[in-house]
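K.L.:
There's a structure below that I have some questions on.
The values are calculated or read from the model by the stated rules, or taken from the named source; none is laboratory data. Remember, it's a predicted structure, so these values are computed and weren't measured experimentally. For neighbour counting, all protein chains shown are included, and Cβ atoms are generated from backbone atoms with ideal geometry for every residue, glycine included.
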Amino acid sequence: MISSRNAGAVIYVHGKGGSAAESSHYEPLFPLYEVIGIEYGGDTPWEAGAQIRAAVRDIGEQYGETVLIANSIGAFFSMNAGIDTLVSRAYFISPIADMEKLICGMTAAAGITEDQLRKCGTIRTVSGDVLSWEYLCFVREHPVEWRAPTEIIYGENDMLTDGETAAAFAERIGAGFNVMPGGEHWFHTEEQMKFLDEVIIRAEEKHGAGKAYGVL
């Protein structure tokens, strides 16, 4: 049964190495929402995407409104899940804005050609990353489409997505682009989390949520 205090649900999708428990950070920002972290298995967009879509669909059936917060590759998986019509708005933290560019960059840096990757199928690099031809083909065949109102929170020194790529992506999907000077891909310090929180609070105020929910 849904509590009368809940105006809806905030769904959190973690990044690589993260967990659903990180969702607790956002509870004070959404006191009238149920904040729910999603755990998903698999490290491909087709596996993780299917699980995320099922979870968002089930949560959406229980709550009147759903807001998405997705981190890093969790944002990429969420965009591949086809859930933009199932959420009212989204916050992407350090999203992987161009997975094809990232994979090709990692391949080149490892001294591997696309032909070698195609023939081998998967190759583990010296750094421990696993490159997959199937993954690269999927990314090329399934370009990201996203239409939900979105705010992107990006660190100036993000090592996975350069600023030009991130800005172009934000423009393409019509998202707000919030850049933290000196910020990293991983938002984790007190200063970084303060910046992240302030972006969300300002955006929620624009939606008429902030003052009503007592976060301002």
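K.L.:
Answer yes or no: is there a residue in the stretch 117-134 that is aliphatic (A, V, I, L, M), farther than 25 Å from residue 184 by Cα and within 21 Å of the chain's Cα centre (by Cα).
P.N.:
No, the conditions are met nowhere in the stretch 117-134.
K.L.:
Of the residues that sit in the stretch 54-68 and are free of Cβ contacts under 8 Å to residues at least 60 places away in the same chain and buried (at least 18 other Cβ atoms within 10 Å of the Cβ), which one is nearest to residue 23 (Cα to Cα)?
P.N.:
Per the stated criteria, the residue is 67.
K.L.:
Just to be sure, is residue 200 in contact with a Lys or Arg (Cβ under 8 Å, 6 or more places away or on another chain), surrounded by 16 or more Cβ atoms within 10 Å (Cβ to Cβ) and of a type outside the set (Phe, Trp, Tyr)?
P.N.:
It is false that residue 200 is in contact with a Lys or Arg (Cβ under 8 Å, 6 or more places away or on another chain), surrounded by 16 or more Cβ atoms within 10 Å (Cβ to Cβ) and of a type outside the set (Phe, Trp, Tyr).
K.L.:
Moving on. Taking only the stretch 155-195 into account, find how many residues are under 19 Å from residue 14 (Cβ atoms) and in contact with a helix residue (DSSP H, G or I) (Cβ under 9 Å, 6 or more places away or on another chain).
P.N.:
9
K.L.:
Output the number of the condition that residue 143 fails; it satisfies all remaining conditions of (1) over 26 Å from residue 19 (Cα atoms); (2) part of a helix (DSSP H, G or I); (3) of a type outside the set (Val, Ile, Thr).
P.N.:
(2)
K.L.:
Looking at (1) surrounded by fewer than 16 Cβ atoms within 10 Å (Cβ to Cβ); (2) of a type outside the set (Gly, Ala, Ser); (3) over 22 Å from residue 17 (Cβ atoms), which one does residue 193 not meet, given that it meets all the others?
P.N.:
(3)
K.L.:
Further, regarding this structure: Any residue in the stretch 146-169 that is of a type in the set (Lys, Arg), in a helix (DSSP H, G or I) and modelled with pLDDT of 95 or more?
P.N.:
Scanning the stretch 146-169, I find no residue that is of a type in the set (Lys, Arg), in a helix (DSSP H, G or I) and modelled with pLDDT of 95 or more, so the answer is no.
To keep it simple, each residue is scored yes or no on (1) free of Cβ contacts under 8 Å to residues at least 24 places away in the same chain; (2) hydrophobic (A, V, I, L, M, F, W, C).
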residue	(1), (2)
13	no, yes
21	yes, yes
38	no, yes
45	no, no
52	no, yes
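K.L.:
Quick check on my filter: what residues within the stretch 125-162 are crowded, with 20+ Cβ neighbours inside 10 Å and not hydrophobic (A, V, I, L, M, F, W, C)?
P.N.:
150, 151, 154, 155, 158, 161
K.L.:
Among the residues of the stretch 185-200, write down those that are assigned to a loop (DSSP other than H, G, I, E, B) and within 18 Å of residue 160 (Cα to Cα). Please lay out each step first, then the result.
P.N.:
If we filter the stretch 185-200 for residues that are assigned to a loop (DSSP other than H, G, I, E, B), which is where we start, we get 185-189.
Result: 185, 186, 187, 188.
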